[in-house]
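Each remark here refers to the structure printed beneath this line.
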Amino acid sequence: MALTLPAHPDPLADRLHAGGLLHELAHGLGGPFHYLLPERFDANLADFRAALTEAGVEGRVYYAKKANKASVFMDRCAAAGGGADIASLGELRDALGHGVRGEDLVVTGPAKSPELLQVAVRQGALIAVDAPDELDRLLTLGGERPVRVLLRRHPPTQLRSRFGLDDTQLHEALGRCAAAGDAVRMEGFSFHLSGYALQPRADLAGELVELCLKARVLGLRADRISIGGGFPVDYVAADAWDTFLGEHDPGHYHGHKAFAAGDFYPYHSPVAGADALRAILAAQPAGSGASLAERLRQAGVMLLLEPGRALLDRAGSSVFRVQGVKDRAGYGIVTVDGTSLSLSEQWFNSEYLPEPVLLTRADPEGDREDDPYEACVGGASCLDSDLLTWRKIRFPTRPRFGDLLVYPNTAGYQMDSNESPFHELPLPPKVVIDQDGDRPRWRLDR
Ligand SMILES: *Cc1c(COP(=O)(O)O)cnc(C)c1O
């Protein structure tokens, strides 16, 4: 029996799927497409800000731009007075072009290009310094205005991380900043942890607050810390997820493909999004008798965060048309009119598990049977490994040519991180859907 992992119910998406608009768009656009729900971005951003306010903590939210290439999210970010976390000149241009102010940018990423650093300094952006030689290069750029920096901490609990400055390098960097005088404004420290555990974030944040106090002794400003991103997103229900983890085995996948449970994103998180921030603020950093929120307030330290995926939760889905269905012993192979390049998880030795929803076309002959049908989902390329879903999904009926498959909640990293016009297939366009009362209205993302 196939294991089922439906995405959480989403009334707004359900209404959209029940109307005829997606079929109309698939016809008009003539291929796969992604739809975006920008109001969800607004709500998620507002929720993160509310979590800061509730905790009495001064803070700023920087949208991690790499999670999606759409313009509309940058527009919304700018309109809400939000900041952006960027890591390339292209992302910086995009953010500025959509109206995010230079001073509201934080520049992360390793060994940033000289061009990026130059424009970032000129725009008054905050730069998270990743290495000693980067600090050297930055110090030569401070001219008419001070260079705003954070020093990125190498995570002591993730020794394999290639990012950040270790203890010795941090110590030396503080000395360099102090010696540079007005050319540099050392505003604090940052980190970004892999994984989604909350307590390690509170622990390291607590350590950075202490580092701010030490840095101030050297005459540095040190009044903010960034705890990066990695706020988990809750895609599926707890019971379905637990059952899945307990029971999945290669027999559930096309070609008996073996996935290790540890290679999957944790698709269920009991505490997710802005609630994860609430939990981090309420947690006591190791060695501290106070909550992180209290420590920040006492020390006069501002909290910066850089969520990507969590700001895009439920803000978009990916739509493919069924191009063919064929039977194999015991299950079928559905082939769609796009590729797994539009579902990035498939390229990390892993699988995007929230399952696609089948939207059937009208059935004028009335000969459609209601027998459930199990099938994996392949892409329209000549690669044997191009599967959007290796897992055999239990569809309510046998999919047919012209039906739609909607992969839910793909705005965070899935839809466009890895897209390429492989096989000269056009890149799926992005369709922005706004609600006009009860009526969904669409436009192309530009
Ligand atoms: C990728 C990244 C983020 C965003 O991570 P999410 O998991 O999408 O929240 C934030 N900060 C840095 C430095 C990053 O590299």
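The values are calculated or read from the model by the stated rules, or taken from the named source; none is laboratory data. What you see is a predicted model, and the numbers here were worked out from it, not measured in a lab. Note that each Cβ is placed from the backbone with ideal geometry, even for glycine, and that neighbours are counted across all protein chains shown. With ligands, DNA and RNA removed, areas are computed over all heavy atoms of the protein, side chains included. Shrake-Rupley method; radii C 1.70, N 1.55, O 1.52, S 1.80 Å.
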*Within the stretch 143-170, how many residues turn out to be open to solvent by 50 Å² or more (accessible area, probe 1.4 Å), within 16 Å of the ligand (Cβ to nearest atom) and under 23 Å from Ala125 (Cβ atoms)?*
2
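A quick yes/no check of all residues on (1) on the phi > 0 side of the Ramachandran plot; (2) touching a strand residue (DSSP E or B) at 6+ places or on another chain (Cβ under 9 Å); (3) open to solvent by 40 Å² or more (accessible area, probe 1.4 Å); (4) not in a loop (DSSP other than H, G, I, E, B):
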residue	(1), (2), (3), (4)
Glu374	no, yes, yes, yes
Leu383	no, no, yes, no
Ala411	no, yes, no, no
His423	yes, no, yes, yes
Pro426	no, no, yes, no
*Scan the stretch 207-233 residue by residue and report those that are surrounded by fewer than 22 Cβ atoms within 10 Å (Cβ to Cβ) and assigned to a helix (DSSP H, G or I).*
Glu207, Glu210, Leu211, Leu213, Lys214, Arg216, Val217
*State which residue is nearest to the ligand (Cβ to nearest atom) when the search covers only the stretch 47-78 and only residues that are within 19 Å of His98 (Cα to Cα) and open to solvent by 10 Å² or more (accessible area, probe 1.4 Å).*
Lys66
*Of the residues Gly300, Gly316, Gly287, Gly273, which is touching a residue at least 60 places away in the same chain (Cβ under 8 Å) and crowded, with 24+ Cβ neighbours inside 10 Å?*
Gly316
_Options Asp337, Asp363: the member that is in contact (Cβ under 8 Å) with a residue 24 or more places away in the chain and either in contact with a Lys or Arg (Cβ under 7 Å, 6 or more places away or on another chain) or open to solvent by 10 Å² or more (accessible area, probe 1.4 Å) (or both)_ = Asp337
_Those residues of the stretch 178-203 which are in contact (Cβ under 8 Å) with a residue 60 or more places away in the chain and either within 16 Å of the ligand (Cβ to nearest atom) or open to solvent by less than 70 Å² (accessible area, probe 1.4 Å) (or both), in sequence order_ = Glu187, Gly188, Ser190, His192, Tyr196, Leu198, Arg201, Ala202, Asp203
*So how many residues does the stretch 110-138 have that are touching a strand residue (DSSP E or B) at 6+ places or on another chain (Cβ under 8 Å) and within 15 Å of the ligand (Cβ to nearest atom)?*
10
*Could you figure out which of (1) hydrophobic (A, V, I, L, M, F, W, C); (2) open to solvent by 20 Å² or more (accessible area, probe 1.4 Å); (3) assigned by TED's automatic domain parsing to the domain that holds Ala67; (4) away from the ligand (no atom under 16 Å from the Cβ) isn't true of Leu245?*
(3)
*Determine if the stretch 274-284 includes at least one residue that is farther than 20 Å from Ser194 by Cβ and either under 14 Å from the mean Cα position of the chain (by Cα) or of a type in the set (Phe, Trp, Tyr) (or both).*
yes
